[in-house]
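Trainee: This structure is in structure tokens; I'll ask about it shortly.
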Amino acid sequence: MIDALRRHLASPATLAGLQALAAGAPAAAPVSLRLDLGRQDTDWLHLLPSGTPWWYRARPQHGEFRLAIGHAVHVASAGPGRFAALDNAFAGFCGDWRRNGPALAFAGFAFDPANHAPLPNALLAIPAILLEAVAGTCTVTLSCPAGRVAQCAAEWAAAARRWPAAAPLATLPALRPARPEQLAEQAWMARVNAALRAIAGGQVDKIVLGRERTLTADRPFPPGPVLARLIAQQAGGLTYAYGNGQQTFLGATPERLVRLRGQAVAVDALAGTAWPGSLALAEDKNRHEQSLVARAICAALAPLCQAPPTVGAAEHHAAGHLVHWRSRIDGLIRPGISLFEVVRQLHPTPAVGGFPAAAAADWLAARGEQRTAWYSGGIGMLSADGEGEGEFSVALRSALLSGHNARLQAGAGIVAGSDPAHELAETEAKFGTLLQALDPAGDAIGRDRSA
């Protein structure tokens, strides 16, 4: 596979194909050439780059693995108008985009529109090199501005000569002893009690509170083996990553924020969590929490849809060692509504913020809620074909890898009847997803205290 890729990148036919697509286009217009690499099952993890931006998405049960290397073009934004800015930028890209087949852009955004570090608040990029393996068929899509075709082709060929053939992934580093968590846990449970008082006082119905934990290792964390373990652990969900050359934000999420195909829109309403040894899903509190999420999503979608959205039955949804309540909400959006407009209308859902959304956001902001990188924001991809088709997933079960440190985040939804100790145990169970993927000893530190 690597040999075929190198041949394509060094081929005069590839350069000629790009030049033909770029002919007459504005110098800044994206140009994308899609090439067949043959049939092979591969997850691309041995090609994760260093020192350059990259994106990764895998849906193992669907046989989908994508690695995007470098940025042909990109745009970042922040603040209340961030989704409109990315929407306008993507529409501009698509208006001039020259391509010989399907082409994709990737995007990610933070929970809070004012969060500026350590990643861009909201980022949209067309990758320079997109490697795809879908149902065993492998392709590469090469993209660059029309005015830089020759330079980019030379750079890709040089980079490909440095790529390794398939080889074992790096091993995980040994973890250093963790700091005591008792004071941080007590402080978090005090926040849960404050949220319960706000709920009892009628200010809000639900508040989602996040927790953070930092792991330190004896050498830098390599993302490849972590992603491989997440893929094995969460085959039914989405394993995702974004690397900026110095840091990697990665995770495995069970929750789709929105998928748009034509005018058909689909959204997950997911809430409530159970884990081995827990009977949480049988509790009325969790059914109530999930119903809040479903109702709020329907209310948010309704102004965009041709008819009221439909809600499927709530069912158990497994995500590794966790189980959630999930129902699917479907609708037909009105013509002219873009994917970013749907994202703006939905985010944050009560699954990650609270309900009512504005009151919960105010409560969290007033108490200094901090969320690392894109945790509980979104990560997705958009197609250049159709009317802004694509999908975003909620960035959950995540870690930010930065040198020797890994910053993990997990959250729990607080509603009337929540027990602070139980909610703490829920966050411990959610930490377990990343703890098991980061720990070279297996799941030794990933066991939650309730097991």
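The values are calculated or read from the model by the stated rules, or taken from the named source; none is laboratory data. Keep in mind that what you see is a predicted model, and the values were worked out from it rather than measured. Methodologically, a virtual Cβ is constructed for each residue, glycine included, from the backbone with ideal geometry; neighbour enumeration extends over all protein chains shown.
Residues are listed down the side, and each one gets a yes or a no for (1) outside the structural domain of PRO30 (by TED's automatic domain parsing); (2) touching a residue at least 12 places away in the same chain (Cβ under 8 Å); (3) touching a Lys or Arg at 6+ places or on another chain (Cβ under 9 Å); (4) under 15 Å from THR214 (Cβ atoms):
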site: ALA412; (1), (2), (3), (4): yes, yes, yes, no
site: SER418; (1), (2), (3), (4): yes, yes, yes, no
site: GLU423; (1), (2), (3), (4): yes, yes, no, no
site: THR427; (1), (2), (3), (4): yes, yes, yes, yes
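Trainee: Among the residues in segment 46-53, are any among the hydroxyl-bearing types (Ser, Thr, Tyr), crowded, with 21+ Cβ neighbours inside 10 Å and touching a residue at least 12 places away in the same chain (Cβ under 8 Å)? If you could, list the steps in order and put the result at the bottom.
Mentor: Of all residues in segment 46-53, those among the hydroxyl-bearing types (Ser, Thr, Tyr) come to 50, 52.
Retained after the next criterion (residues that are crowded, with 21+ Cβ neighbours inside 10 Å): none.
No, the conditions are met nowhere in segment 46-53.
Trainee: Continuing with this model, one more query. Mind checking which residues of segment 216-247 are hydroxyl-bearing (Ser, Thr, Tyr) and within 21 Å of ALA178 (Cα to Cα)? Spell out how you get there, then give the answer.
Mentor: Filtering segment 216-247 for residues hydroxyl-bearing (Ser, Thr, Tyr) gives 216, 239-240, 242.
Listed by number, the list holds a single entry, THR216.
Trainee: Name the residues in segment 79-126 that are surrounded by 15 or more Cβ atoms within 10 Å (Cβ to Cβ) and acidic (Asp, Glu), would you?
Mentor: ASP87, ASP112
Trainee: Could I ask something else about it? Go through (1) among the hydroxyl-bearing types (Ser, Thr, Tyr); (2) in a helix (DSSP H, G or I); (3) within 30 Å of PHE90 (Cα to Cα) one by one and return the number of the condition SER291 breaks.
Mentor: The single condition SER291 does not satisfy is (3).
Trainee: Something else about it: Taking interchain pairs and intrachain pairs at least six residues apart, which have beta carbon atoms under 8 angstrom, with the first residue in segment 338-367 and touching a residue at least 40 places away in the same chain (Cβ under 8 Å) and the second in a loop (DSSP other than H, G, I, E, B) and of a type in the set (A, V, I, L, M)?
Mentor: Here the result reads VAL352/LEU396; GLY354/VAL204; PHE355/VAL204; PRO356/VAL204; ALA359/VAL204; ALA360/VAL204; TRP363/VAL204, each pair linking segment 338-367 to a residue that is in a loop (DSSP other than H, G, I, E, B) and of a type in the set (A, V, I, L, M).
Trainee: Considering segment 84-109 alone, what residues qualify as being touching a residue at least 40 places away in the same chain (Cβ under 8 Å), more than 30 Å from ALA157 (Cβ to Cβ) and out of contact with any strand residue (DSSP E or B) (no Cβ under 7 Å at 6 or more places or on another chain)? Give the derivation first.
Mentor: In the first step, residues of segment 84-109 are kept if they are touching a residue at least 40 places away in the same chain (Cβ under 8 Å); the result is 84, 86-87, 90-91, 93-94, 96-109.
The next check asks that each one be more than 30 Å from ALA157 (Cβ to Cβ); those that pass are 84, 86-87, 91, 109.
Answer for segment 84-109, where residues must be touching a residue at least 40 places away in the same chain (Cβ under 8 Å), more than 30 Å from ALA157 (Cβ to Cβ) and out of contact with any strand residue (DSSP E or B) (no Cβ under 7 Å at 6 or more places or on another chain): ALA84, ASP87, ALA91.
Trainee: If SER376 passes every condition in (1) among the polar types (S, T, N, Q); (2) in contact with a Leu (Cβ under 7 Å, 6 or more places away or on another chain); (3) at negative phi but one, which one does it miss?
Mentor: Result: SER376 passes all but (3).
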